[in-house]
Every structure is written in structure tokens, then in C-alpha cells.
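Read-outs throughout are calculated quantities, based only on the coordinates presented, and are distinct from any laboratory measurement. These numbers were taken from a predicted model, which means no experiment stands behind them. Because the Cβ atoms are built from the backbone with ideal geometry, glycine has one as well, and the counts that use them run over all protein chains shown.
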């Protein structure tokens, strides 16, 4: 084993030598003219292939019935009974608390925000567009598409730091005293990108929130609710009944989808909320459509069956995902950890590894990767307005490329991390 | 053949005798305790069954590719290339002018209105929520769900009468001089519910409109673009290129769907518009989703193939639909025409027969039908705010019940029409 000196312990001469070595490594990488992508949490072809049986569960007219309901015809705005029951099983809530959606849960989140601005939520004194100011709390690093929706509707996005147990709840509790604070956006299990599972205490503090705004809403995006790739399924409490017990049953909108269980390009999704919210939004959604695609809902129910069977399928996904995450984490452990220039956590589920590079270098690392043919998520994308206050966080999405490509991409990435750190230390 | 005296030629005694006879008929109908529905344009099970092959066109991973694009994964926000090409073939426009949607075109129409209010359309000086007043033109009788969207967003709905060639274009041309008039909603082919095909002159006058509002939009809901059930396919001009030629390329949003071609509960849809609008809304829709269901898009393309093949499938639908519409029209001809108490048109496509009963009787007819177990579309629903100025129009939707049930339902309906007319004439 070669002993490696952390950059912080090197002399200027050693740093310069390291810099020249990494520059040479980087040029070698560039010469390979790679074209690799670790930017988005896209499932790999191998994952899509392993659920192919879903294509064949509906073959005849008879297959298309959910009891007496013909999934092929109009009706059942809130979703097929079997699909509502399926999601209730997954999220440990009641079928009456489920509205089944289309291929993207994001679309329903956007609809909630859109209708909040034009009409208001269940307890809104007025539509949010009539408020002087609307503020959204954005625990970060977080999901860029969440932040984009808030920005699109003109909400002021407020940065809340993430801790190892979830968002900084002291700050959240303080901020919700402001009646202009109307929403908070979180991914509570295998958070995007940190891969954190919110602690029981954090979840209880969410349920116990007493916001000044009567229509304050938690967007509880449970996108990775069954998405372990290491170890056993981690049970997760039902936030809806917890909010109910704490006295604010209508404060939370939970979302989940099959985008990373069956097909990212043709899955189904759900919104889970109090019966009051489901009734209210069934009225609202009734203006815009007859129902989401019920044939696809039934296809999913027949294929996925229930939570237990879905978890079996997720174990198959884990055989594809696990080695990729291990590959990335192992390379980081080997190449970067001894140098002391970045921090990260080895997640056991979700779709991302979140890395904090030396402050002030994330954008530079992104550019170096780009120039060497490796596309990463934009540096800063995981923060409100795309601005990372420390220019440090980089989201790694290892799911799409095969392991052999990941190794090549990680060589470029680790070389870029080192080079950017050395540039910084040497004021280049 | 029995010679029948029109009610208008009867003496009061004859009317009273007719009233007693119809009252007895009505009681006989009621005693049957029927439970029939002619309220909604739902496809019949026989129609859904005849397209069952679509369930089996995608069976393997290889089937799921559109060229090099994996329909199962994220990407292609505006739709699969083959799906955009399919709709361009159907609507006689360019693939670059197509955005492929989900199970309901209505959802995209609602999104357009929603975003117009919160952000504005391509040429909006400001979001519509910042306008003092927003007015929508509603040619009527029309589609209730169109009007509901306008009402939901607080637009003032303006009634424009329908003529045998389409909306009263003199009125439309006059109204669009008002800059507060921002939209008009029409079903140009087999209009809902009149079954009218807009004349070439009407269509040209639409394209030639010079509205005062720079962001005035025509919602051209071509829901029945291939939906003939009598005779040959009727070609229909491309409104997008016509608006372009007339100098307002961004004035029209056209919509179509497969809800009444494949599955009402699991079809696909499209928006067709200028490249400028498609670019603008691809940006806007990019905030709310990754793409609509592409697996279902590909399933449809592989099954429907192209316009010519789709028209072959529509001929099979016609074998189910044709007899039902003939049944309804024949019964009306036999039972109602001689009495001179209602007017209607025998349509050759679409999903409805629009009947104008004796003014002041439509609501009464609806109630009589309801009490005798036959559900019709709410009287007035085909007008803005659900208010028919003449209380006369009734929309008949014959598609769902089998012919035997239709005959029973029509017996109730015609008896109710007669009874309501006699009540009116006798001031009962």
C-alpha cells in the first residue's frame, strides 16, 4: 500500500509536483474522448429489462377490468380502487387518502403549487398570487426540480441546511413562524442527493410543526420509499397519520411513483394526503381531466401486486444498482479520501451520492469533467436558484452507465477533483 | 301509416287528450324501473374490445425502442419522434409542431389556461391574472368541460350562437376587437354537441381573425378529427398553416386524442401549434414533468401506424356507432318530427346528437327522464355557466348503451319530450 499525504500536509513544492502529475493524468483522460453521463438519476437498461413482464399482464379485454370497473373507459378520477389500495399498502395509509397519478408525480406537485397560486389550498385565506410574498423552505442540497417549481411561480426560496438526520429543524421551526412561509420541500427517505433517511425525531418534528400560515404545506416527496440497494427494507412511518395526530391533518402532501420501479418513461404515481385534501383536489383535478391513465394503473397493480412483492422486485434492482454505487464509493475511498479534499456518505438506497468538494471548486470540477467528456449534474443545481453558497456540492448519479463506463467516468471525476483542489491551493 | 297532427295544430281538447295519453305512457315507462345513461360520450365496451390488439404490441424490451430511443426511460419531453410524426400525419402539420400528451388532451388545454393566467402566453404583455378582465368566447351549444376551465380561472364567458356552418363569425370578429377577449373554444369537426363540420369559409375567417389582444388564442379542439360513423372520411384543413399564412402563426392551439380511437381510460393525446408555441410550452412543461408516458405513445404508434390505418380502425368503430345513431335519429324522426316540438340534425360523425326542444322545456325533460331512470347530460350544460338562454338544448350521447337499451331510453326520452311540451302548451 502506498502512503498518501493529504494535500493539507504538503509543501508548496509537493503540491506543485502533484499538480503537474494530475495535469498529465487529466490530459490522458481527455485524450480518450469519452462521452459519459452521471448527471441524472436515470435507471439503466438492465433495470428496465428486468421488469419486462409488466408489458404482458394485460392481454385481453377481460384482463382490463378492476372488479366491475373497465379501466379502458372514462371514470374513477381518483384512480382505480385496486391502484388506490396498492399505494395505501406501500405508504401505510388508507386508500381514501390516495389520488393516483400519471407517469410523473412531479406533475401533481406542480399542479398543487399552480392551484395554490390561482385558487389556494384547502385552508388558504386567499390564492397565493394575492399574497404580498410567498416563501418556500428548501433544505439543501436538495432536488433541483423541486426548487424550479417554486422559482417558476415566483416564491422566494429559503436555504435550510441539511444535517445527518435531515433538515435543520431548529431553523425550520423558526421560519414557519413567518406567515409568508407556505411550503417546505423534502425527500424524507434516501434524500436527493444526500441519501439520508430522516431520523424519527426529525419526522416527529415535521408532524408537530405549528406554522403561522394556516395553509402551510409539506411536500413529502417519498420518491425512494422502497429503493434500498444495500441491506434490508427500512420501514418508514406514515407522515399523514402523524400530522393528523398532531392536529394538522391537511398539512402534508406525500408523493411516490414507480418511475424507478417499473419504467421511468411510463410509470404511475400517487399523491397521498388527508381525505379533506383528496376531496378538495379531486374537485380541482376534475376540472382538468377525467382521470389519469387507468389501463396503466391496472397494468402496474397486476404486475407489482402489493408492497411485499414490489420489495422483491426492488431486490432485483439492487443487484444492478448496488455494484455501481459500490464502484463509485470504492473509487472515492481509494483516490480521494487519503487526500482530505472531499467528503461524502456511502448511501444504502436512493439514486445519488452527494459529495462536498473543497469549497470554491465544484464549478471548476464540473467544467473539467465536461471538457473531458463526462457530464455531471450542474454544480449548484442542488441549491435554491442553482447557487451553492460554498460552491462545493456535487451530485453523482451512478445508475445509468455500466460499471466499466463508471470506472472511466470516475477516473475523470477524481482527477478533476484533485486538479481543482490543487489549483485552488496553488492559487492557479 | 297513421297521420299525426302537430301539437301546434291541435285544439285544447286534443292537447288534453294527448297529454293524458302521454302521462299514461310515462307512468308505464317509470314502472320499468330503468337505469340507463345517455349523458356522456363514453365508448361502448364493443368499441374498446375491437382495439384489444394494442395491448400486445409491446412485449419485449426490443419492442420498446423508437429507433435508438428507449421509450421506457426519461427524456423526450415533447414526445417520441414517431409519436410526433404520427400526429403530424393525422393533423396534416409538421412533427416539430407537435407536443405529445398523456391520457387527456383536456389536461393540456387546462395547463395552457393555467400558465396563461400565472405567466402569460408567448405574446402576453403580462400574466392574465394581472389583467383587469379576461373574456373567453364560447360558441354554444358547446362542450361543458371547456366552459368549466374558463369559469374555474375566473374568465367571463361570452355566449356566441352556433349556426349551421359553425360559430356566428360576425359576432366573433366583432368581439375580438375587445383586448380583454383572450380565447375562443371550439370543436371544429363534428362539433360537440351539434355535430357540425365548420365550413371552409368559417375556418378561413378563424385564420384571418385580427384580435386586439396580441395573445388571443383559439383553442381548436379537434377531438373528432377522424370520427366519421357514416360515409367516407371528410378531409379537414390544417388550421396551423392557415393562421401562419394569415400572419398570426401563434394564435391557435389544436388538440386531438385517441380517447375515442383506442381507450378512453388509457389513450394518448397531442397539442399542435406553431414551432414558437411548442418551444415556449416545452420550456413551461419542462418545469412540471420529464415527459408524458412514452411507452404508451409507442404502443399507440405501433398499433395505429399512421392516419390511413387509423381510419381503417375508425371504420370498425363506425360499425358499432352507426346503428346507435341511426336508432336514435330514426326514433326521433318517427316519434317527434310529426309533432313539430323539437329540432335536431342527423350527424355523420362525432359523439352526440344535439336536440332543441320546445323553448322552456329542456330542464323539465331532463327531470322527467331522470325520474324514469334515464340519465341525460344536464340541461343547460352545453352553455356557459350551465345556463341555456332558451332552456331548449339537450345533448344526446348514444354511444355507451347497446341498441336494445337505447330503444328503451329513447322511449323514455321521447315520451318526456312530448309530456313536457304538452305541459307547456296546456300551462300545467
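Rounded, prolate or oblate: which fits segment B:325-428 when a ≥ b ≥ c are the square roots of the eigenvalues of the alpha-carbon gyration tensor, with rounded for a/c under 1.5 and prolate only if a/b beats b/c? If you can, show how the numbers build up before the last one.
Details: a/c = 1.45, a/b = 1.23, b/c = 1.18.
It comes out rounded by the Cα gyration axes.
Helix B:294-304 versus the longest principal axis of chain B: what angle, 0 to 90°, nearest 10, using Cα atoms?
60 degrees
For residue A:49 and residue A:35 in one chain, what is 0.36 nm times their gap in residues minus the Cα-Cα distance, to one decimal in nm? Before the final figure, lay out the partial values.
Numbers: separation 14, 0.36 × 14 = 5.04 nm, distance 2.33 nm.
Here the answer is 2.7 nm.
In percent, how large is the relative contact order of segment B:226-376, given Cα pairs closer than 8 Å and 6 or more residues apart? Please list the in-between numbers first.
Details: 114 pairs, mean separation 36.2, N = 151.
Value for segment B:226-376: 24 percent.
Need one word for the protein assembly as shown: rounded, prolate or oblate. Basis is the Cα gyration tensor (sqrt eigenvalues a ≥ b ≥ c); a/c below 1.5 gives rounded, then a/b vs b/c decides. Show your work: numbers first, answer last.
Numbers: a/c = 2.13, a/b = 2.12, b/c = 1.01.
It comes out prolate by the Cα gyration axes.
Using Cα pairs closer than 8 Å and at least 6 residues apart in sequence, work out the relative contact order for segment B:60-310, in percent. Walk me through the intermediate numbers first.
Details: 439 pairs, mean separation 67.0, N = 251.
It comes to 27 percent, rounded to a whole number.
Among B:170, A:92, which comes first, then next, by fewest other beta-carbon atoms within 10 Å?
Ascending Cβ contact count within 10 Å gives the list B:170, A:92.
Given the alpha-carbon gyration tensor of segment B:195-307, what are the semi-axes of its equivalent ellipsoid in whole angstrom, ordered largest first, with each equal to the square root of 5 times an eigenvalue? Please list the in-between numbers first.
Values: eigenvalues 131, 98, 22 Å².
Computed over segment B:195-307, the values are 26, 22, 10 Å.
What are the radius of gyration and Dmax of chain B, computed over its Cα atoms and given in Å?
Here Rg and the maximum Cα pair distance are 23.0, 78 Å.
What is the antiparallel percent of DSSP beta bridges lying wholly in segment B:60-310, to the nearest 5? Display every interim value, and only then the final one.
Values: 12 of 29 bridges.
Roughly 40 percent of the DSSP beta bridges within segment B:60-310 come out antiparallel.
For chain A, what relative contact order do you get, as a whole percent, if you take Cα pairs closer than 8 Å and at least 6 residues apart? Don't skip to the answer; put the middle values down first.
Working: 799 pairs, mean separation 111.8, N = 428.
Over chain A, the number comes to 26 percent.
Kindly put B:138, A:243 in sequence by how many other C-beta atoms sit within 10 Å of each C-beta, fewest to most.
Numbers: B:138 27, A:243 23.
Listed from fewest to most nearby Cβ atoms, that is A:243, B:138.
Measuring nothing but label to label, 7 Å from Cα along Cα→Cβ, what are residue B:171's distances to the other copies in nm, shortest first?
Residue B:171 label point versus its equivalents elsewhere: 5.8 nm.
Given 20 °C and 1.002 mPa s, compute D for segment B:60-310 with the Stokes-Einstein relation, Rh being the Kirkwood radius over Cα pairs; round to the nearest whole µm²/s.
On the way: Rh = 18.4 Å.
Answer, rounded: 116 µm²/s.
Enter the Cα centre distance for the pair segment B:289-343 and segment B:64-129, rounded to the nearest angstrom.
24 Å
Summarise the partner chain shielding of A:94-106 as one whole number: the mean count of Cβ atoms from other chains within 10 Å of each residue's Cβ. Intermediate values should be presented prior to the final figure.
On the way: counts 0, 0, 0, 0, 0, 0, 0, 0, 8, 10, 8, 1, 4.
That average works out to 2.
Tell me whether segment A:139-180 comes out rounded, prolate or oblate; compute the Cα gyration tensor, take square roots of the eigenvalues as a ≥ b ≥ c, and use a/c under 1.5 as the rounded threshold. Spell out each step's value before the answer.
Values: a/c = 3.60, a/b = 1.22, b/c = 2.94.
Since a/c reaches 1.5 but b/c is at least a/b, the shape of segment A:139-180 is classed as oblate.
For residue B:427, go 7 angstrom from Cα along the Cα-to-Cβ vector, then report the distances to that same point in the other copies in nm, smallest first.
10.4
Any idea what angle helix B:403-425 forms with the longest principal axis of chain B, computed on alpha-carbon atoms, 0 to 90 degrees, nearest 10?
It works out to around 60 degrees.
May I ask you to report, in nm to one decimal and beginning with the shortest, the distances from residue A:210 to the same position in the other copies, taking label points 7 Å along Cα-to-Cβ?
6.5
Give me the extension gain from residue A:305 to residue A:370: residue separation times 0.36 nm, minus the current Cα-Cα distance, reported in nm with one decimal.
Details: separation 65, 0.36 × 65 = 23.40 nm, distance 4.26 nm.
Additional length available on full extension: 19.1 nm.
Ranked by Cβ crowding within 10 angstrom, fewest neighbours first, how are A:82, A:96, B:274 ordered? If you can, show how the numbers build up before the last one.
Details: A:82 18, A:96 12, B:274 23.
In increasing order of surrounding Cβ atoms, one gets A:96, A:82, B:274.
So what's the gap between the Cα centers of segment B:370-428 and segment A:359-407, to the nearest angstrom?
64 Å
For a label point 7 angstrom out from the Cα of residue A:241 toward its Cβ, which stretches of segment A:88-130 have the backbone nitrogen within less than 16 Å?
A:88-98
Residues in segment A:330-358, backbone N under 16 Å from the label point at residue A:5 (7 Å along the Cα-to-beta-carbon vector): list them, ranges by number please.
Within reach of a label on residue A:5: A:338-341.
For chain A, find the longest principal axis of its Cα atoms and tell me its angle to the long axis of helix A:362-371, 0 to 90°, nearest 10.
80 degrees
On full extension of the chain, what length is gained from residue A:171 through residue A:346, given 0.36 nm per residue of separation minus the C-alpha to C-alpha distance?
Values: separation 175, 0.36 × 175 = 63.00 nm, distance 2.62 nm.
My answer for the length gained is 60.4 nm.
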